[in-house]
Each structure stands twice: as C-alpha cells, then as structure tokens.
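Working notes for the structure below.
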Amino acid sequence: MAHLLFKDVNKVYPNGYHAVHDFNMEIKDGEFICLVGDSGCGKSTTLRMIAGLEEITAGEFYIDGKLANLMTSRERGIAMVFQSYALYPHLTVAENLGFGLTLEGVDADVIDEKVQKTAAILGLTPYLDRFPRNLSGGQCQRVAVGRALIRKVSIFLMDEPLSNLDAKQRVTMRSEIKQIHRSVGATTIYVTHDQTEAMTMSDRIVVMKSGGYVQQIGTPYELYFYPDNLFVAGFIGEPPMNFLKGKVEGGKFVNDSVSLDIAPVVDDIASIEGKEVVFAFRPEAIKVAKSGRAGKEEYLIKSNVDLTELLGDTTNVYANVGDVNVILKVNPHDTPAMGAEFKFVVPYKAAYIFDKETEKAIPSSIKRN
Ligand code: ADP
C-alpha cells in the first residue's frame, strides 16, 4: 500500500500543449481512485505521470512522503494494466503471468508457485497452457490484471482496462477487480471515461474536464448528491441531470414555461436576484403529479411527452418543458401516452440551482438524500 500526494502537478507536452493543470490531491493507503472524464481531458497523462512514463513538468509528486518526480517506474513500486492487454502472443498464459518475475531473475519454483496462486485468484487455472489467441477478451484482461497482480506492488494503475470487453463482461470484471482490490489492498488509480464504472468501483472519484482541469474530487455519494458545478452534475448520473435555463425574478425561477419559488432551496436568494441561473433535477427524482397539483415542498412542472421507453423496472419518459428536452424516470405503471401532457413534481430536496455564468452550484442548506 502507498500514500500519494500531488502538489500543483502540471504537464506540458514538448509541443507546448498543457494537458494537466494544477493537479492537487492526497490519496490514502489502499484507496481505489477513479479518474473520469471525456476523452482527451488528461486522465492517461496523469496516470502516466504517476507511473513515471511521462515527466512531470511542474509541481511535486510524493509516494509515502518521498519526492517521486525523478524516481524510475521500478523505484515507484507500481504495476500497470493497459486497455490493450499488452500480452505476449507467443507466450502461454502461465508464461505471460510469470514474465515480469522471470526478467527479475526470480527462481523458477517461486515463479511457478506465484503463477498458480495468481491464476487461482483470477479463475485462470484451466487456461495456463493456452496462448492469448485462444482466450476470450475477458480472459485476456484477467491475464493482464494477473500479470500486474503477481508482482507485489503497492500501487496499481489501470488505464481503461475494460473498454475492449462487451457490456456483460465489463460488469463481471468490474466486480472482480473490486474484489481483487479488497483482498490485495494496493492503492489503485483507475482511468475510465465511463461514469458508471467510476461510480460503482471507487472510494473516491476525480472528475476531469477537457483541457486537463480537475472539476471535483469526492466519493460517488458526494459527487452524485452534491455536485460542485454544472459539468459534474451533467457528467455523473445516467440518464443525465435535467437543466432548465431561466432568471431569478422576485425570488422566483422564471422562464417561458415555469415560475418556481426557489427561495426555500437556496441559502441567500437576494444574492442571486436578477441572475441567470439553471434549475436542475435528476430524472429519477421526480414524481408523477397524479392530483395535478404540487404537494408540500414540491415544484409542479408541466411537460409534453415525446417518447417513452419501457425498460422493465422503470420507464424513461422523453419529454419537453417548453423548448427544453428532459428525461424523466417513472414507474412503468405510470407510463404516460406519447404526445400527452405530463405533469410531474420535483421535491425541493431534489432541486439544484446553478449560476449560469460561473457554472457553480448555488449553496443550499437542503439535505439531498
Ligand atoms: P485522456 O486519457 O483523458 O483521454 P490524455 O491524457 O491521453 O487524455 O490526453 C490529454 C491531451 O493531451 C489530449 O488532448 C492529447 O491529444 C494530448 N496529448 C497526449 N499525449 C501527447 C503528446 N505526447 N504530445 C502532445 N499532446 C499529447
């Protein structure tokens, strides 16, 4: 296990591209951290700086209190799993697993014992004599994980390790990797563009935005219920959060379609009077307004249904509020007809207000869960 500390870490590539800006974070021993964000936001660059594969342009990076900027990859005590698996095609599973140890000159008996043990953890024992070409994608990925696991390291780095697998295999490998992490305990940094992977696997998530800017660092719970800004609010959660644009007038959120008294859900309504803001709510936070009216501490919103999708446990309702498209999740038994008017309520505790200009969340004393 290892404790990591980043102080104002920056990466500028030789061509002048500034890929990571002021990365600041402390990672505790044994934490599972996901770096998440759209393609090109600097996740891999950050991971490669941790691995020692990419030079840190400015700032300091510490491993267990020791400045690590200039340490070699080997000195850092890391193992890395790549998206491409990077298996040796001419070596068997057993040889692939033991390859790193062979290079280090470890005794053949010891290697064999470790290979057997690692294969057992990953369910690879029946495949030890096979070549990678005779394995499924999931099995190849397991070998790649096993190859990293077999070396006793304190930092485990994974770069989109599941993106070549199909949806079902991804779900299985997700829980396997979590389980391995629980039993091995190595500090793990995991890069993904998939918010579901990040939400389900992480102790904490780092949300990054294109240009290499960290948007928020927090537990899945914190990011979901307390997003700092519009980017995080829109990135975390599937289907994404709904955003209505409008203005604050007389303590109300108003636009062409709605007029909602938002004074109860912000700390200081006077401070945002006259401002352009965004009223936001999650698809799953709404309730069908069966009586056609709002209850206590609820906002009533009218929409028109464009399309419904029955998923089994829930129905996704694609509707519009004025000219804004929204997605609403309802009980399948309450599925509205396509083309119909659909009234729903948003409880106060599920309403978020963001400043449109700064994109930052307006503080609220309302507890969200
Ligand atoms: P992510 O992993 O989030 O998809 P990367 O860290 O791979 O993003 O890349 C971040 C940005 O840095 C991208 O715009 C990418 O084009 C750029 N980049 C990556 N490697 C280099 C390089 N060697 N030279 C210049 N720019 C690079």
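The values are calculated or read from the model by the stated rules, or taken from the named source; none is laboratory data. Please read all numbers here as calculations on a predicted model, not as lab measurements. All Cβ positions, even for glycine, are placed from backbone atoms using ideal geometry, and neighbour counts span all protein chains on display.
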Give the number of residues within the stretch 214-232 that are part of a strand (DSSP E or B) and closer than 16 Å to H21 by Cβ. 5
Kindly establish whether K178 is within 27 Å of S271 (Cβ to Cβ) and surrounded by fewer than 17 Cβ atoms within 10 Å (Cβ to Cβ). no
What are the residues in the stretch 2-42 that are in contact with a strand residue (DSSP E or B) (Cβ under 7 Å, 6 or more places away or on another chain), among the small types (G, A, S) and within 12 Å of the ligand (Cβ to nearest atom), if any? A19, G37, G42
Please indicate, with yes or no, whether at least one residue in the stretch 80-90 is in contact with a Lys or Arg (Cβ under 8 Å, 6 or more places away or on another chain), within 16 Å of the ligand (Cβ to nearest atom), in contact (Cβ under 8 Å) with a residue 12 or more places away in the chain and assigned to a loop (DSSP other than H, G, I, E, B). no
Inside the stretch 334-355, the number of residues satisfying the requirement of being among the hydrophobic types (A, V, I, L, M, F, W, C), exposed (fewer than 15 other Cβ atoms within 10 Å of the Cβ) and in contact (Cβ under 8 Å) with a residue 40 or more places away in the chain is 0
When you scan the stretch 16-37, do you find a residue that is modelled with pLDDT of 95 or more, surrounded by 18 or more Cβ atoms within 10 Å (Cβ to Cβ) and part of a loop (DSSP other than H, G, I, E, B), even just one? yes
Taking the stated definitions as given, is T72 surrounded by fewer than 13 Cβ atoms within 10 Å (Cβ to Cβ), at negative phi and at pLDDT below 95? yes
Of the residues in the stretch 193-213, those that are under 21 Å from N10 (Cα atoms), more than 10 Å from the ligand (Cβ to nearest atom) and assigned to a loop (DSSP other than H, G, I, E, B) number 0
Within the stretch 40-60, can one find any residue that is in a strand (DSSP E or B) and buried (at least 21 other Cβ atoms within 10 Å of the Cβ)? no
Look through the stretch 288-304, keep the residues that are of a type in the set (A, V, I, L, M) and part of a loop (DSSP other than H, G, I, E, B), and return whichever of them is surrounded by the most Cβ atoms within 10 Å (Cβ to Cβ). A289
